[in-house]
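Participant: Can you keep this structure in mind? I'll have questions shortly.
The values are calculated or read from the model by the stated rules, or taken from the named source; none is laboratory data. Note that the coordinates shown come from a computational prediction; the quantities given were computed from them, not determined experimentally. Glycine also receives a Cβ, built like all others from the backbone with ideal geometry; neighbour counts cover every protein chain displayed.
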Amino acid sequence: MTRIAQIKRKTAETDIDVTLNLDGAGKSDIDTGIGFFDHMLTLFAAHGMFDLTVKAEGDDVDNHHAVEDIGICLGRAFYESLGDKKGITRYAFTFTPMDESLARIAVDISGRSALVYDVPLNREFIGALETEMLEEFFIAFTDNAKIALHIKNEYGRNAHHIVEGVFKGFGRTLREAVRLQAGSNAVPSTKGVIE
């Protein structure tokens, strides 16, 4: 079974091309035009063991359109690459330390989108990335991936460390949730389907 999807999306504001392989080796080729965001998506791929390519061109207004549209495309790629979801683990959670910070991430690949995001940050920008756009990225991702995602930073002082822990944990949690259960060909739902 091949669990790969490519999503292309072009609007008056952005031009996005995302390819995601759920069964990769953590290789990535990321170019969003936003250096810190490139770093975070690279960490997501590496710790999720996903092969990920993201090419994005956004307008020169601010980060909003590019970051949100990348979330849309990556969420769609995640949803499409899962196919019928037979044999997946479905639920997963991780605690991920990054120096003095600790991120807690939990996911349910449920076919329903919900985001609980509790990551207070004390900076408006990290590099060129507007920190308020991180929540918008995760909203766009969960809406299009059709998953329930809970993200909480338990503690930490350094905003870079906090966000890095979140993206590493995001990758680790999704890696576990999409893992195929040996010998199972069932959809992990009493409904018999996850849409």
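Participant: Within the stretch 83-109, track down each residue that is surrounded by 18 or more Cβ atoms within 10 Å (Cβ to Cβ) and not in a strand (DSSP E or B).
Facilitator: Answer for the stretch 83-109, where residues must be surrounded by 18 or more Cβ atoms within 10 Å (Cβ to Cβ) and not in a strand (DSSP E or B): 85, 87, 90, 109.
Participant: Another question about this same structure. Tell me which of these residue 59 doesn't satisfy, since it passes every other one: (1) of a type outside the set (A, V, I, L, M, F, W, C); (2) at pLDDT 95 or above; (3) farther than 20 Å from residue 173 by Cα.
Facilitator: Going through (1) of a type outside the set (A, V, I, L, M, F, W, C); (2) at pLDDT 95 or above; (3) farther than 20 Å from residue 173 by Cα one by one, residue 59 breaks only (2).
Participant: Can you tell me which residue is surrounded by the fewest Cβ atoms within 10 Å (Cβ to Cβ) among those in the stretch 15-47 that are assigned to a loop (DSSP other than H, G, I, E, B) and not polar (S, T, N, Q)?
Facilitator: Our first condition is that a residue be assigned to a loop (DSSP other than H, G, I, E, B); within the stretch 15-47, this holds for 22-27, 32-34.
Filter once more, so that each one left must be not polar (S, T, N, Q): 22-27, 33-34.
Working: 22: 25, 23: 15, 24: 16, 25: 10, 26: 17, 27: 14, 33: 14, 34: 22.
Among those that are assigned to a loop (DSSP other than H, G, I, E, B) and not polar (S, T, N, Q), it is 25.
Participant: Okay, moving on. Would you please list the contacts, defined by Cβ atoms under 6 Å and residues six or more apart or on different chains, that run from a residue in the stretch 91-119 that is among the basic types (Lys, Arg) to a residue that is at pLDDT 95 or above?
Facilitator: 104/95; 104/152; 104/154
Participant: Next question. List every residue pair whose Cβ atoms sit under 6 Å apart, with the two residues 6 or more apart in sequence or on different chains, where the first one lies in the stretch 1-30 and is more than 17 Å from residue 42 (Cα to Cα) and the second, anywhere, is among the aromatic types (Phe, Trp, Tyr).
Facilitator: Pairs that qualify, where the first residue is more than 17 Å from residue 42 (Cα to Cα) and the partner is among the aromatic types (Phe, Trp, Tyr): there are none.
Participant: Please enumerate the residues belonging to the stretch 1-46 that are under 24 Å from residue 135 (Cβ atoms), aliphatic (A, V, I, L, M) and under 14 Å from the mean Cα position of the chain (by Cα).
Facilitator: Listed by number, the residues that qualify are 18, 20, 30, 40, 41, 43, 45, 46.
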